[in-house]
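Report on the structure given below.
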Amino acid sequence: MIPRYSRPEMSAIWTDENKFKTWLLIETYACEAMAEMGKIPQEAVKEIKEKGKFDIARIDEIEAEVKHDVIAFLTNVGENVGSAARFMHQGMTSSDILDTSFNVRLTQSIDILVKDVDRLLNALKTRALEHKFTLCMGRSHGIHAEPTTFGLKLLGFYAEFERNKERLLQAREEVATCAISGPVGTFATVDPFVEEYVAKKLGLRAEPVSTQVIPRDRYAMLFSVIGVLASSIERLAVEIRHLQRTEVREVEEFFSKGQKGSSAMPHKRNPVLSENLTGLARLMRSYVIPAMENVALWHERDISHSSNERIIATDAMVGMDFILNRIAGIIEKLLVYPENMMNNINRLKGLIFSQRVMLAMVDKGQKREDAYKMVQRNAMKVWANEGTFKDLLEADEEVMSVLNKKELEDLFDLNFYTTQIDKVFKRVIK
C-alpha cells in the first residue's frame, strides 16, 4: 500500500524486516522442539539463538542468484550461525515457513483491525446517544418517507460494525493455524510434535491437514470479511456524502482552519474524506476474487496463490487499518445541523404524515383502499404546490366526515416518531 494510505504500526508488520524476523523465530522454535525430542543437540539451539541474524541486503543478493527466497534467507542466517545451521530447517519445506509466518502476521494485523473497529464503535455509540432524539428525515429511494432520528441512523451503523467485529474475530480464528508438516504434508520427515510445539509458541493452532500448504479457504474467508467490512464503511461514507449535499446539508465533514476545498472555487467544502473511503472500499473488495481463486491449487500444492497474496495481504491489512481510522475520525468530528434537519422535515408541507392519516381513517372504519385514495388525492395536490397537506385534508369533506379537526391535528405530531426509540436503543446498547 502506498504511504498515503498507510499507518506505521500496521505497515511495520508487513515489512521485510518483520517477515524475516518471523521466519527466524519459526526456525528457532522448530529447532527447540527437535532438541527436546533429542533429534539435534541443545548446544546447536543455543548457537542458533545467539548467532541467528539476517541482513536483508545480503538475502536479496543471494536470492538474485538462487532465485528462491527461503533458501536465500537460510543461507544468510547460516553465514552468521556457522556449523550449527545444518540443524535448521530439518525435514521442513518452504511452505512450512511461508504459511506459518503469513498467519502470524495476519493475526497481528487482525488484532490491530479489531482495535480500529472498537474506535469506530465508540465514536458511533457516542454520537448515536448524543442525537438519540434529534429528528431528521427518513428517506426511501432518496425521497422523503417518514421522520426518524439521526441517533437511530447511527445506531444502525453501530449494530452493523458490531457484526463486522464478530466476523473479524471469526476470521482471525480461521487463519490462526500453523503448518510444519514437511513435503506434501505427510510428516514423514518432521514429527507432528514440532508443529504442535511451534504452534503453541506462536499462539496458533496446528493445522489439521496442511497438504504442504495451509488450505486457502481460510484466506478466502478472511478476505471476504474484509470485503464486507469495506462495504459497511462505504455505506456509512455514502450516507455522509448524501447528507452533506448542499440541498440537504444535514451533516458535514469537519473543515479545519486553513483547509481548501477547491483549487478554482474558494467557497467549496467537499466531503472528500468520505469520497476517498468510497474509492478505497472498491479496492478492498477487489481482493476477494483472487483470494477465492487461490483456493483451487493443483494437488497438494502449487504457487499460483503466492504472487497475488504478497500484494493483497499487505494492501488489504494496511489499507483497512487506514480506512477504519479515517471513518472513525469523520464520525468523531462530524458536524451535525439539527435545524437543517427540521427544515428538511418541513419541506413537503406535511406529506410525511400521510400514513398516519390513512391508518387513522382505517381505525375509524374506512376500507384501506378507500382511505388510501382519499389521502393520496390530497397528497398529489401538495406535490403540485396547491397548498399544505393538513389544510387540503381539512378542506376535503369526505376526509372530514371520517376524522374531526382535533383528531386530524393530533396526527401531525412529530413526537409520535420517537415513542419507540428507547426500545430500539436498548436492543443494541446494553
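Each reported figure results from applying straightforward, stated rules to the coordinates on display, with no laboratory input. It should be emphasised that the depicted structure is a prediction, and the values quoted were computed from it without experimental measurement. A quick note on method: Cβ atoms are made from the backbone with ideal geometry, for glycine too, and the neighbour counts reach across all protein chains shown.
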Item to complete: Excluding residue 371 itself, calculate the net charge of residues whose Cβ lies under 13 Å from the Cβ of residue 371, where each Lys or Arg counts +1 and each Asp or Glu counts -1.
Response: +1
Response to the item:
For residue 177, the residues 5 or more places away or on another chain with a placed amide H closer than 5 Å to its own amide H are 205
Worksheet item: With a ≥ b ≥ c the root eigenvalues of the C-alpha gyration tensor of the range 115-269, is it rounded (a/c under 1.5), prolate (a/b larger than b/c) or oblate?
Response: prolate
Item to complete: List the longest stretch of the chain that has no exposed loop site; here a site is one of the GluC sites (Glu not before Pro) assigned by DSSP to anything other than H, G, I, E or B, with at most 12 other Cβ within 10 Å.
Response: 1-246
Practice prompt. Lys and Arg at +1, Asp and Glu at -1: add these up for the other residues within a Cβ distance under 10 Å of residue 262 and post the number.
Written response: +3
Worksheet item: When N is the residue count of the range 176-237, what does its C-alpha Rg come to as a fraction of 2.2 N^0.38 Å?
Response: 1.52
Worksheet item: Between their Cα atoms, which of 115/200; 19/49; 132/405; 132/390; 67/200; 125/153 are more than 22 Å away from each other?
Response: 115/200; 132/405; 132/390; 67/200
Fill in: Between the range 333-361 and the range 1-68, the alpha-carbon center distance in angstrom
62 Å
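Taking loop as defined by DSSP and a crowding limit of 13 other beta carbons within 10 Å, which trypsin sites (Lys or Arg not before Pro) in the range 1-64 fit?
Answer by residue number: 53.
From the helices alone, meaning DSSP H stretches of at least four residues, give me the mean residue ellipticity at 222 nm for the chain, per-run term -39500 (n - 2.57), in deg cm²/dmol to the nearest 500. Display every interim value, and only then the final one.
Working: 19 runs with 270 residues, N = 430.
Computed mean residue ellipticity for the chain: -20500 deg cm²/dmol.
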Worksheet item: Residue by residue through the range 9-14, which ³J(HN,Hα) values in whole Hz follow from phi under the Karplus form 6.51 cos²θ - 1.76 cosθ + 1.60 (θ = phi - 60°), with glycine and proline marked x?
Response: 4, 6, 4, 4, 5, 9
Worksheet item: What does the charge count near residue 183 come to, summing +1 for each Lys or Arg and -1 for each Asp or Glu among other residues with Cβ under 12 Å from its Cβ?
Response: -1
Worksheet entry | Spherically averaged projected area in nm², based on the convex hull that wraps the Cα atoms of the range 362-426 | 5.6 nm²
Practice prompt. State the Cα centre-to-centre distance between the range 151-174 and the range 197-214 in whole Å.
Written response: 28 Å
Discussion item. Test of understanding: what is the full-extension gain from residue 302 to residue 65, defined as 0.36 nm times their sequence separation minus their Cα-Cα distance?
Written reply: 83.1 nm
Response to the item:
Residue by residue through the range 83-96, the couplings from Karplus 6.51 cos²θ - 1.76 cosθ + 1.60 with θ = phi - 60°, in Hz, x for Gly and Pro, are 4, 5, 5, 5, 8, 6, 6, 5, x, 9, 10, 4, 5, 4
Worksheet item: Which of these, 194, 357, 213, has the largest mean-square fluctuation under a Gaussian network model of the chain (Cα springs below 10 Å)?
Response: 357
Discussion item. So if the hydrodynamic radius of the chain is defined as the Kirkwood radius over C-alpha pairs, what does Stokes-Einstein give as its diffusion coefficient at 25 °C and 0.890 mPa s, in µm² per second?
Written reply: 95 µm²/s
Worksheet, complete the sentence: Computed ³J(HN,Hα) along the range 202-208: with the Karplus parameters 6.51/-1.76/1.60, θ = phi - 60°, integer Hz and x for glycine or proline, the list is 8, x, 10, 10, 5, 5, x
Worksheet item: Once amide H atoms are built 1.01 Å from N in the peptide plane, which residues 5 or more positions from residue 139, or in another chain, come under 5 Å H to H?
Response: 145
